[in-house]
Amino acid sequence: MDGIAQPNDQRAQLEKLYGEMAPHSLYPLWEVLANLVTPVPRSVAQPHLWQYGPARDYLLRAGDLISAEQAERRVLILENPGLSGSSAVVPSLYAGLQLILPGEVAPCHRHTQCALRFVIEGDGAYTAVDGERCYMQPFDLVLTPNWQWHDHGNTSDRPMIWLDGLDIPTVRFYDASFAERLEHPSQSESIPAGDNLHRYGRNMRPFRATTAERRPQQQPIFHYPYAQWRESLMAVAGADAPDPHLGHALEFINPANSGPVMPTISAHVRHLPAGFETRPRRATDGTTFVVVAGRGTARVEGREFRLEERDLFVVPSWNALELRAETPLTLFGYSDKAAQEKLSLYREERLPG
Ligand code: 1HN
């Protein structure tokens, strides 16, 4: 051994070594370590806003060209511009805008990916989940927990558009995707519409857990109507001073365990009174938002986005977000906080104004 080579020929000798190792699938950690283990998150995802109007126009044009049945799901993916080719809105989650036209059916299937729907436009189309239909109205939250049969239909006379949020990239990361199609486009309706809310949605449950138990025990509720969450959020907004970094915020929970709505996805709503401006806050859960009501701005690491009703925007991990409400501003947001908390990864930081 001559010891470590001197700087001049060290580089050349290392490069020669790397060149010989690479065909054997061996690589030097020391060349990449600083990018693998960063002192703080450095997301390649970018903050981005999708104006609803133009996105809706493209979606309706797609509606003229391909049926829901032919497409299986007629959806425009909201792909993060920093994650090109990944079909991801943040590294762990997917977002899309789905259109169901009057009379259409999106055929029944199930998969190991968890999904949520957040209705943006239309009234009276349904999602059926494991035998029960849920008729949806704007800004309702509807869940399709993993491996539950689901199909969608539009029995109304207007187009219905909603945001799909799924954990597709997470399931891909774990190489755990399974999916099946039902032979029939629609599953049979074995449970009356609204049953999940009547049985489990009022701080009650069936007196005895028997065969009458219609939903999976760990996931009893799949519908969180706008009329209900709005009433709660507005009552809280009337009672409390807004949190300086969040405004008024309420998280949707799974009543079976008081935890997040699904194992991989958390969802919440927030409200800012007119004129209110939050202080900056950053968190490790990149979050996708829908503007439910109002106008304002989102400043993300100094970049400013104008917010109008029904616009969608994404704030990546550890990007500081400041919100300003011009009129009373209500937002829906979903993220992978549910998964990160299980993995002891979740962190947030409140920054001085
Ligand atoms: C899915 O099942 C739906 O059920 C929407 O509406 C989007 C994207 C990828 C995989 C499955 C739906 C989806 C999806």
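List of remarks:
- On inspection, GLY103 does not qualify as part of a strand (DSSP E or B) and either closer than 16 Å to GLU180 by Cβ or not acidic (Asp, Glu) (or both).
- Of all residues in the range 180-202, one or more are assigned to a loop (DSSP other than H, G, I, E, B), within 16 Å of the ligand (Cβ to nearest atom) and among the small types (Gly, Ala, Ser).
- Taken over the range 72-100, residues that are more than 11 Å from the ligand (Cβ to nearest atom) and not in a strand (DSSP E or B) amount to 13.
- Residue match in the range 152-164 (condition: in contact with a Lys or Arg (Cβ under 9 Å, 6 or more places away or on another chain) and of a type in the set (D, E, K, R)): yes
- Failed condition for TYR52, given (1) within 15 Å of the ligand (Cβ to nearest atom); (2) among the hydroxyl-bearing types (Ser, Thr, Tyr); (3) touching a strand residue (DSSP E or B) at 6+ places or on another chain (Cβ under 8 Å): (1)
- Pick from the range 101-152, criterion near the ligand (Cβ under 10 Å from one of its atoms) and of a type in the set (Gly, Ala, Ser), ranking: nearest to ALA68 (Cα to Cα): ALA106
- Taking the range 55-71 as the range and being more than 16 Å from the ligand (Cβ to nearest atom) and either assigned to a loop (DSSP other than H, G, I, E, B) or aromatic (Phe, Trp, Tyr) (or both) as the test, only TYR58 passes.
- The test for being surrounded by 10 or more Cβ atoms within 10 Å (Cβ to Cβ) and small (Gly, Ala, Ser) does not hold for SER25.
- Those strands (runs of 3 or more DSSP E) of the range 244-326 in which at least 1 residues are within 20 Å of PRO225 (Cα to Cα) and touching a Pro at 6+ places or on another chain (Cβ under 9 Å), considering only elements entirely within it, cover 248-251, 266-272, 287-293.
Taken together, the values in this text are just the output of simple stated rules run on the coordinates, not laboratory data. Since we're looking at a predicted model, the values are computed, not measured. Heads up, the Cβs are rebuilt from the backbone with ideal geometry, glycines too, and the neighbour counts pull from every protein chain shown.
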